[in-house]
């Protein structure tokens, strides 16, 4: 793998992971979401802290609903559309996290269109 390939790999995989982190913050911790908007993702310690917080949030949700009968179902946010994106691109164009991020945008657009979510 060339250095350029390695840098692209890191960038693409980081973006996919950040999408999951942002999803957790938006759904479960407004203060964390605000923090993320100003976070310096180039700092290793900052990224470790962010990953730890995101994992803690997800573990909390899973522990509250081990059978996925309630709150845990919201972890699937973006996945339905994301799986369609993956399928339609033969699983070769996007990483799972990227497809889920696209799925979140699609779900939001549909919710706005149906009047279930405001754009403002």
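One residue stands out among those in region 35-50 that are touching a helix residue (DSSP H, G or I) at 6+ places or on another chain (Cβ under 7 Å) and part of a helix (DSSP H, G or I): the one that is surrounded by the fewest Cβ atoms within 10 Å (Cβ to Cβ), which is 36. Among the residues examined, residue 32 does not qualify as assigned by TED's automatic domain parsing to the domain that holds residue 110, in contact with a helix residue (DSSP H, G or I) (Cβ under 6 Å, 6 or more places away or on another chain), part of a helix (DSSP H, G or I) and under 26 Å from residue 110 (Cβ atoms). Scan region 61-92 for residues that are farther than 28 Å from residue 110 by Cα and surrounded by 13 or more Cβ atoms within 10 Å (Cβ to Cβ) and the total you get is 0.
Matching residues to (1) under 27 Å from residue 117 (Cβ atoms); (2) without any contact (Cβ under 8 Å) to a residue 60 or more places away in the chain:
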| position | (1), (2) |
| --- | --- |
| 14 | no, yes |
| 17 | yes, no |
| 28 | yes, yes |
| 36 | yes, yes |
| 50 | yes, yes |
| 54 | yes, yes |
| 75 | yes, yes |
| 85 | yes, yes |
| 91 | no, yes |
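The values are calculated or read from the model by the stated rules, or taken from the named source; none is laboratory data. Because the structure is predicted, anything quoted here is derived from the model rather than measured. Ideal geometry is used to build each Cβ from the backbone, glycine not excepted, and the neighbour counts take in all protein chains shown.
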